[in-house]
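Please read the structure below before turning to the comments.
The values are calculated or read from the model by the stated rules, or taken from the named source; none is laboratory data. Treat the numbers as computed from the prediction; the structure is a model and nothing was measured. Using ideal geometry, Cβ is built from the backbone for each residue, glycine included, and neighbour counts are taken over all protein chains shown. The accessibility values were calculated without ligands, DNA or RNA, using every heavy atom of the protein model including side chains. Shrake-Rupley method; radii C 1.70, N 1.55, O 1.52, S 1.80 Å.
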Amino acid sequence: MSTDNLQELIAGIDRGRLPRHVAIIMDGNGRWAKKRGMERSAGHVEGVNTVRRITEIASELGVGYLTLYAFSTENWNRPQAEVDALMHLIVVAIERETPDLIKNNVRLTMIGDLDRLTDEARERLKRCMDDTAHCTGLTLVLALSYSSRWEITRAAREIAREVLAGHLSPQEITDDTISTHLTTAAIPDPDLLIRTGGDMRISNFLLWQVAYAEIYVTPTYWPDFDKTDFCRAVAEYQRRERRFGLTSEQVK
């Protein structure tokens, strides 16, 4: 789509009804590369460019939080060579993009089982987060070595320890109790969940948090997903009626 049409899309978006938090399952890197007769790693490399584009447009529109599913706990089971290449790419890409994140007032944070990363990777990523900690615009959340079942299991263990210690009774456990023990405790639940690549599943991503998120699936592979595609998703979100279990009449 032309730049003119992109600008038309941007102009048509109601800045007063933006999704506060957009979460994205970035799928299709491998298939994008295979379709072109390339190694899967080439798709991951091209996917980094998409991360830059989408972070830019989300920041430009005024989205508050952007969470990207970068590496799941299940991804550790992929061939070791691909795992090593992908982890190296993630660390190098984040380090390379950090100056631009600072320039665009984007704060970087991460969720997931980061203890599974090597000490070097964890330390390098922490430096990037520390370098952007002062930024007050978009918060870019990378879900790295993350899965929702891991996160919920971890929260259940923490709550059980508090009950055993006598700091909490089972009757006091509420939805908020669980939410505050998740890795996303300081982040609002997603309003919009985007999945690229066409598959109709959530893939163990933010299962608790997306309970009432609007879901937008596109067949476009992540390396081809551009600013226009993101704006289309936001425009579609704004056409939907969010009822949270109520009737249309109650919402109105």
Inset, instruction - Count charges around Ser248 for me, please; just the other residues with Cβ under 12 Å from its Cβ, Lys/Arg as +1, Asp/Glu as -1. - result: +2
Inset, instruction - Mind listing the long-range amide H neighbours of Ser72? Cut-off is under 5 Å, sequence gap 5 or more, other chains count too, H placed in the peptide plane at 1.01 Å from N. - result: Ser145, Tyr146
Inset, instruction - Using label points projected 7 Å from each Cα along Cα→Cβ, tell me how many nm separate Arg127 and Ile178, to one decimal. - result: 4.0 nm
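Normalised by the residues of segment 16-83, what does the relative contact order come to in percent, with Cα pairs under 8 Å and at least six apart?
For segment 16-83, the relative contact order is 43 percent.
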Inset, instruction - Report the local net charge at Thr139: Lys and Arg +1, Asp and Glu -1, summed over other residues whose C-beta lies under 11 Å from its C-beta. - result: +2
Legend entry - Heavy-atom surface of segment 195-247, accessible at 1.4 Å and reported per residue (Å²): 48 Å²
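Within 14 Å, Cβ to Cβ, of Ile54, how many net charges do the neighbouring residues add up to if Lys/Arg are +1 and Asp/Glu are -1?
-4
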Legend entry - Positive dipole terminus of the chain, leading residue within Thr196, Ala23, Ser148 (C-beta point charges): Thr196
Legend entry - Relative contact order, percent, the chain [alpha-carbon distance under 8 Å, six or more residues apart]: 29 percent
Legend entry - Gained length - Asp84 relative to Ala235, 0.36 nm times residue gap less alpha-carbon distance: 50.6 nm
Inset, instruction - Divide by every residue of the chain the summed helix terms, -39500 (n - 2.57) for each DSSP H run of at least 4, and state the resulting mean residue ellipticity at 222 nm, rounded to the nearest 500 deg cm²/dmol. - result: -14500 deg cm²/dmol
Legend entry - With every protein chain in place, the chain: carbon and sulfur % of accessible area (1.4 Å): 49 percent
Inset, instruction - Determine the distance separating the Cα centre of segment 32-88 from the Cα centre of segment 220-252; give it in Å without decimals. - result: 22 Å
Inset, instruction - Treat each spin label as a single point 7 Å out from the Cα along the C-beta direction, and report the Gln250 to Ala211 distance in nm. - result: 1.4 nm
